[in-house]
Amino acid sequence: MTMDNIKISVIMPVYKVEKYIAKAIESIQTQTLKEFEFLIVDDGSPDNSGKICDSYAEKDSRITVIHKENEGAPSARNRAMKIAKGKYLYFLDSDDWAEPTMLEDMYNLAEQTQAQLIITGFYIDTYYSAKKYMTSDYIPEEKIYTTKEEFRKNAYKLFDKNMLYTPWNKLYLAKYIKEKELFFPKTLWDDFPFNLSVISDIERVTVTSKQYYHFLRARSESETAKYIPQMYEKREEEHGWMLDLYKHWDIDDKESKEMIARRYLDRIFGCIENLSNRQSNLSRADSKKLLLNMLDNPRLKKCLKYAKGHSFYLKIMYFTLRIRNFYILILEAQLITFVKSNIPSVFCFLKAKR
């Protein structure tokens, strides 16, 4: 393989994943598409992750390992994007893995439809223990969008299916990304703002219902298990980004407004649950103050007006927000935390019903 026939640049940031990194690397090495470069960025990982990556690079010329000081995943991805030679870019997380035909199928689909962005279905594997897990299927409707207008009118369906948040179920046309000078911002949960910048003015998007990527959930040390002091402020910022996107698109139909409202309320419950996180050292009084601040936000009242409870579970959640009872809301959040930690199968079922 020469540097001019690289079809896809696979980019993977690495930090403290020595237990998972081998499977991630091997899932790319065994891809049916062979014309790729694999840019692995060791983001100052303090464990053996970097050494493991080096050992694979010694035996596979397609793998390039970059070692740098720890600055976070956005910086790691951006570093690799600047030197990527492929026609398309693909972003892999270092504790997940991909089915063997993923790159080939995405590449062929992109070439056939001249897409600037490919979106695929994916799996979420929720682990109960080291070997026991359940798989949830995330499957979008197949569609080829050839105009901005058509994509924008239907984007709410993709948001609803969780298709537009992460980078790992997508193939990006490198020319489009580089011409727009798009990079991952240095912020918490950088995937979402990056993808918003990608779809802001995109025209040609192809969606396939095929699933390839396995996202592994329930790592005890993962971000989702931590108490995040700035979570509410971050969610408010994200909601502002969504409103700005739809204003830029000039889309104000009832389906899109309902999706945005429901998405906001879902994240408010995440913020309430965050207050009851075991790692939080907040006092009862501080928790109550922060919760009342959330409940007093005019955005909440507006979203409760537009959002529809698509399930009995959601209707209960919306009702508790409307009655504004601190003790009920905290109790509900503690119950959600307990179910998530101890009965993940039930949690996944309820989450899917949202």
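The values are calculated or read from the model by the stated rules, or taken from the named source; none is laboratory data. In this text, all values refer to a predicted model and were calculated from it rather than measured experimentally. For neighbour counting, all protein chains shown are included, and Cβ atoms are generated from backbone atoms with ideal geometry for every residue, glycine included. Just so you know, the surface numbers come from the protein's heavy atoms only, side chains and all, with ligands and any DNA or RNA stripped out. Shrake-Rupley method; radii C 1.70, N 1.55, O 1.52, S 1.80 Å.
Can you find, within segment 82-96, the residue that is farthest from Gln31 (Cα to Cα) among those that are open to solvent by 50 Å² or more (accessible area, probe 1.4 Å) and not in a loop (DSSP other than H, G, I, E, B)?
Let us first name the residues in segment 82-96 that are open to solvent by 50 Å² or more (accessible area, probe 1.4 Å), namely 82-83, 85, 87.
Filter once more, so that each one left must be not in a loop (DSSP other than H, G, I, E, B): 82-83.
Numbers: Lys82: 24, Ile83: 22 Å.
The extreme case among them is Lys82.
Just one of (1) part of a helix (DSSP H, G or I); (2) open to solvent by 20 Å² or more (accessible area, probe 1.4 Å); (3) under 23 Å from Pro185 (Cα atoms); (4) basic (Lys, Arg) fails for Arg77. It is (2). Inclusion of Leu33 among residues that are closer than 24 Å to Leu164 by Cβ and open to solvent by less than 20 Å² (accessible area, probe 1.4 Å) is not warranted.
Yes or no: segment 244-252 includes at least one residue that is surrounded by fewer than 18 Cβ atoms within 10 Å (Cβ to Cβ), at pLDDT 95 or above and on the phi > 0 side of the Ramachandran plot. Within segment 244-252, one or more residues are surrounded by fewer than 18 Cβ atoms within 10 Å (Cβ to Cβ), at pLDDT 95 or above and on the phi > 0 side of the Ramachandran plot. For Lys16, the conditions (1) open to solvent by 60 Å² or more (accessible area, probe 1.4 Å); (2) on the phi < 0 side of the Ramachandran plot; (3) touching a residue at least 12 places away in the same chain (Cβ under 8 Å); (4) not hydrophobic (A, V, I, L, M, F, W, C) all hold with the exception of (2). Among residues belonging to segment 117-140 that are touching a helix residue (DSSP H, G or I) at 6+ places or on another chain (Cβ under 7 Å) and not in a strand (DSSP E or B), point out the one that is most open to solvent (accessible area, probe 1.4 Å). Once the filter is applied, the top-ranked residue is Tyr128.
Annotation: of all residues in segment 142-189 being part of a loop (DSSP other than H, G, I, E, B) and of a type in the set (Asp, Glu), the one that is most open to solvent (accessible area, probe 1.4 Å) is Glu181.
Contact annotation: residue pairs with Cβ atoms under 7 Å, 6 or more positions apart or on different chains, pairing a residue in segment 322-335 that is surrounded by 13 or more Cβ atoms within 10 Å (Cβ to Cβ) with a partner that is not acidic (Asp, Glu) and not in a helix (DSSP H, G or I), are Ile330/Ser276; Ala333/Ser276; Gln334/Ser276.
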